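Accompanying notes for the structure given below.
The values are calculated or read from the model by the stated rules, or taken from the named source; none is laboratory data. Only a predicted model underlies this, so the values are computations on that prediction, with no experimental measurement involved. Backbone-built Cβ (ideal geometry, glycine too); neighbour counts: all protein chains shown. Heavy atoms of the whole protein, side chains included, go into the accessibility calculation; ligands, DNA and RNA do not. Shrake-Rupley method; radii C 1.70, N 1.55, O 1.52, S 1.80 Å.
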2 protein chains.
Amino acid sequence: MSISLPRPIQRLSALLSSLQGIGPRLAQRLVLQLLRGERRRIRDLEEAFHEIREQVGWCPRCGFLTEGENLCSVCADTGREPTVICVVEEPQDVLAIESTEQYRGLYHVLGGAMSPMDGIGPEELRVKELLGRIREGGIAEVIVATNPNQEGDVTALYLKETLAPMGVRVTRLARGVPSGGDLEYSDRSTLGNALEGRTDL
Amino acid sequence: MSISLPRPIQRLSALLSSLQGIGPRLAQRLVLQLLRGERRRIRDLEEAFHEIREQVGWCPRCGFLTEGENLCSVCADTGREPTVICVVEEPQDVLAIESTEQYRGLYHVLGGAMSPMDGIGPEELRVKELLGRIREGGIAEVIVATNPNQEGDVTALYLKETLAPMGVRVTRLARGVPSGGDLEYSDRSTLGNALEGRTDL
């Protein structure tokens with residue numbers, strides 16, 4: 001192109017297209033769309049990004065998303081079953097499992113899965129915090145709901161070997177979930193079936 | 001869903017999904033993706049939206065995008081042919097025509113097209129500014145490159161009737177561009193042919 005767009009447009013387009021799910025063309029269209037509309041919407045977005053950065057953190061107990069440094073809405077809910085912990089890789093996996101409406105226990109978000117190839121071991125994940133919760137007592141079962149792929153399997157095996165000696169039942173989602181995929185893409189029914197058919201690990 | 005995400009996440013997701021091209025599901029995935037990554041990227045986005053709002057404006061002459069209140073990069077380019085003005089609806093149409101590399105004149109961005117049904121007449125568009133530029137003299141031809149749809153046709157006819165008595169040649173893009181569509185989606189070759197085959201209006 002022989003003419004250049006103002007640098008702020010180029011910068012915002014580049015930042016947006018660095019996100020998975022937004023290509024360069026959509027990024028530019030989004031910026032032009034915003035500029036056509038009311039400036040107030042751009043300010044709202046600016047403020048919303050600011051809020052996200054300033055006000056959203058991780059639950060000190062389970063690692064799920066929360067406001068500030070408070071317990072998250074699951075950990076703060078006294079109506080949940082406190083003897084079961086479902087271990088997931090990422091916050092969106094919590095949302096996926098909640099959507100089944102078949103689970104009423106607590107969660108633990110690891111922040112990823114083990115991947116020896118990439119140098120990601122238990123120390124890089126929130127495993128220590130999980131062990132701490134179990135040592136505090138009162139946990140009867142840990143459901144390992146890592147993704148049904150290689151990294152998830154490695155993580156599940158490690159958790160089984162580590163947790164079983166602590167006297168806690170360790171189960172895993174049934175392989176009703178399609179192998180090789182991402183948990184967050186599974187439909188409610190598949191995830192619900194997998195919760196129902198979980199097997200001892 | 002029985003649990004709620006922190007309000008800042010809900011707010012940003014809602015704002016993002018109000019944009020054309022981003023659905024609710026992609027919006028939430030984008031926010032979670034950002035929270036997984038470095039906080040610096042969120043700050044960069046926040047700053048980029050701020051810059052867009054503070055530093056991007058409209059060229060006082062042609063209405064294209066520009067930094068601050070300066071002339072845009074086209075109007076400021078002394079190497080462009082100053083006797084021809086190409087009239088378009090939106091800034092992205094300028095980018096589409098530039099991509100043909102067959103046009104070296106100036107532009108005028110109307111900010112939309114006439115639509116009597118929606119109460120959008122010449123007063124709602126930058127028509128007055130266009131007439132002002134022609135009254136200043138030195139313009140031999142105005143190429144009307146409004147979209148090849150009903151609103152674009154109405155606008156083109158209005159411009160012909162208004163500009164022809166001022167002694168300026170008024171042409172329009174050849175209907176090589178597919179009717180009923182949006183100019184910005186046309187490929188380079190179609191747009192290039194349409195420029196070549198423009199006809200007197």
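Listed by position, the helices (runs of 4 or more DSSP H) contained in segment A:124-199 that have at least 3 residues being out of contact with any Ser or Thr (no Cβ under 9 Å at 6 or more places or on another chain) and within 26 Å of A:Pro82 (Cβ to Cβ) are A:127-135, A:150-163. Scan segment B:84-92 and tell me whether some residue there is in contact with a Phe, Trp or Tyr (Cβ under 8 Å, 6 or more places away or on another chain), within 9 Å of chain A (Cβ to nearest Cβ) and closer than 16 Å to A:Ile9 by Cβ. Yes, segment B:84-92 has at least one match. Within 15 Å of the chain's Cα centre (by Cα) and farther than 24 Å from A:Arg7 by Cα: is that true of B:Arg133 in this structure? No; evaluated as a whole, the condition is false for this residue.
Within segment A:54-81, the set of residues being facing chain B (nearest Cβ under 7 Å) and either buried (at least 19 other Cβ atoms within 10 Å of the Cβ) or in contact with a Leu (Cβ under 6 Å, 6 or more places away or on another chain) (or both) comprises A:Val56, A:Leu65, A:Thr66, A:Val74.
Can you pull out every residue in segment A:87-108 that is out of contact with any helix residue (DSSP H, G or I) (no Cβ under 6 Å at 6 or more places or on another chain), open to solvent by less than 20 Å² (accessible area, probe 1.4 Å) and more than 13 Å from A:Leu183 (Cα to Cα)? Scanning segment A:87-108 gives A:Gly105, A:Leu106. Could you pull out the residue among A:Glu184, A:Glu141, A:Glu124 that is at negative phi, open to solvent by 70 Å² or more (accessible area, probe 1.4 Å) and not aromatic (Phe, Trp, Tyr)? Just one listed residue meets the conditions, A:Glu124.
Considering only residues that are more than 32 Å from the chain's Cα centre (by Cα) and more than 7 Å from chain B (Cβ to nearest Cβ), look in segment A:37-49 and name the one that is least open to solvent (accessible area, probe 1.4 Å). The residue in question is A:Gly37. In segment A:6-29, the qualifying residues are those that are open to solvent by less than 20 Å² (accessible area, probe 1.4 Å) and within 7 Å of chain B (Cβ to nearest Cβ), and the one that is nearest to B:Leu65 (Cα to Cα) is A:Pro6.
Under the condition of being more than 9 Å from every other protein chain (Cβ to nearest Cβ) and assigned to a loop (DSSP other than H, G, I, E, B), the residues counted in segment B:100-111 number 5.
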